[in-house]
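The values are calculated or read from the model by the stated rules, or taken from the named source; none is laboratory data. Not measured: the values here are computed from a predicted model. When we count neighbours, we look across all protein chains shown, and the Cβ atoms used for this are built from the backbone with ideal geometry, even at glycine. Only protein heavy atoms, including side chains, enter the accessible area calculation; ligands, DNA and RNA are left aside. Shrake-Rupley method; radii C 1.70, N 1.55, O 1.52, S 1.80 Å.
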Amino acid sequence: MKIFSGSTNKPLAGKIAKLLKKPLGRLEIHVFADEEKRVRVLDKVLGEDCVVVQSTSTNADINYMELFFIIDALKRNGAKSVTVVIPYLGYQRQDHVFRGGEAVSMGVVSKILEAVETNKLITFDLHSSRIPELFSIPVLHLSALPIFAKTIREKHWDDDQTVIVSPDMGGVRRVKILCGLLNNMPYMAIEKNRDLKSGKISMEEIKTVTKKRAIIVDDMISTGATIVKAAKLLRKKGAEEIFVFSTHPVFAGNAPLLLQESVVNKIFVTDTISISREKLFPKLQILSIGEMIAKNLRR
Ligand code: R5P
């Protein structure tokens, strides 16, 4: 097996390669003056099973194109199979038509991945469990929830002082799975409404939090608005300590600043997306999905 990394998440790709005791494969990625890219594979891949790691967060378009070119280069050079590890699958929130006239962007991406002859996709905590149905290649949909459960246990937060919270009704399934991993801890959900045109969110009143500690669980943090609003509401309802567990640190715009200045005590995310140095902040802690991916590639 040969492991290659696109430009977006080299630390995670390096971790996976190290765990599998393999060197990272060599690629030449040249960016022209007009920002077009030329991708060239430098290792022999004839007859090899290849793995490409690439997160497709900001800028999703550029990062997807680079990935398509890497897959094409590997296939043209005789790779037997190409498994793509896209820990954060960009465009996943556009998986169906919300308002008449819209494109299904996730469906378009799935068609391109198949057109360049991708053999398998490994990804994490998709926004909807139905997204794999948009692909006709095998999709291994992994979850960071077991990693979150382990951390919550290690911190001794799995006690009767804690409630797990979904910041929207769509996340209840996710929260129920986490509670199941933690001896059926209690959970609650906030009702969030998003204006489909402006993207602005509002949150409905929830039952009073009778627990001292609230743990908000979400698939991703983009602008931070969901977490900041939910935390404010929970504090108003009596939560003294608020923690957040979210798989994908998309961190658009000034999300890091908003999160640092929020009433949240600590925010746990994973390395599905590599966070640039300027976006790190004191309340943030990063957990790794590297071992889980390596384990699945070993099989
Ligand atoms: C939405 O349904 C998702 O689960 C997240 O809650 C959402 O994408 C977070 O976005 P933001 O951080 O911009 O509120």
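Here the strands (runs of 3 or more DSSP E) wholly within segment 120-178 that include at least 2 residues being within 16 Å of the ligand (Cβ to nearest atom) and closer than 18 Å to Lys295 by Cα are 120-124. Please tell me if Thr223 is under 30 Å from Gln54 (Cβ atoms) and within 16 Å of the ligand (Cβ to nearest atom). Yes; evaluated as a whole, the condition is true for this residue.
Of all residue pairs spaced 6 or more apart or on separate chains, those with beta-carbon atoms under 6 Å, a first member in segment 103-117 that is closer than 14 Å to Ala60 by Cα and a second member that is open to solvent by less than 60 Å² (accessible area, probe 1.4 Å) and polar (S, T, N, Q) are Met106/Gln92. Scanning segment 240-263 for residues that are over 19 Å from Thr8 (Cβ atoms) and without any contact (Cβ under 8 Å) to a residue 40 or more places away in the chain gives Glu240, Glu241, Ile242, Val244, Asn254, Leu257, Leu258, Leu259, Gln260, Glu261, Ser262, Val263. Residues that are open to solvent by 50 Å² or more (accessible area, probe 1.4 Å), away from the ligand (no atom under 15 Å from the Cβ) and under 22 Å from Ser129 (Cβ atoms) within segment 179-210 comprise Leu181, Asn184, Tyr187, listed in sequence order.
Report, by residue number, each residue of segment 222-276 that is more than 23 Å from Trp157 (Cα to Cα) and assigned to a helix (DSSP H, G or I). Ala225, Ala255, Pro256, Leu257, Leu258, listed by residue number.
Within segment 84-102, take every residue that is open to solvent by less than 20 Å² (accessible area, probe 1.4 Å) and in contact (Cβ under 8 Å) with a residue 40 or more places away in the chain and give me the one that is nearest to the chain's Cα centre (by Cα). Going through the qualifying residues, I end up with Tyr88.
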